[in-house]
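Any read-out appearing in this document is the output of simple, stated calculations on the displayed coordinates, not a laboratory observation. In this text the structure is predicted, and so the values were computed from the model without any measurement. FYI the Cβ positions are ideal-geometry reconstructions off the backbone, even for glycines, and counts take in every protein chain you see.
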Amino acid sequence: MTVSIITSMYNGRPHVLEAVENLFFRSVAQHGSPRTELIVLDDRSPLEDETRAMVDRHMPALSSAFANVVFTRNEQNLGFAGSFNRGIEIARGDVLLV
């Protein structure tokens, strides 16, 4: 059985980015599994460049922890449900964790 972890973020302020980086990415990289895929969606954050730089900083650790890591940016803000629905469409796992 494979698991797809789906997360969406909307980084509108620098302190949100800091929290995501320090609390989420570092933790999730430590608990990855070769049977798990990670899907990270940026829901058209105003801080696009900063968000991309943050993901790039953590991609080596994420890629070594997970079987597959997908980072994508929505072309438009889809909101909470829309963004997660997009992640569900991308997911390849047997079990989805939203």
If you check Arg57 against the conditions, is it of a type in the set (D, E, K, R), without any contact (Cβ under 8 Å) to a residue 40 or more places away in the chain and under 23 Å from Ser27 (Cβ atoms)?
yes
Helices (runs of 4 or more DSSP H) wholly in the chain with at least 2 residues that are surrounded by 17 or more Cβ atoms within 10 Å (Cβ to Cβ) - which ones?
26-30, 48-65, 79-90
Restricting to region 33-92, count the residues that are basic (Lys, Arg) and more than 24 Å from Thr2 (Cβ to Cβ).
4
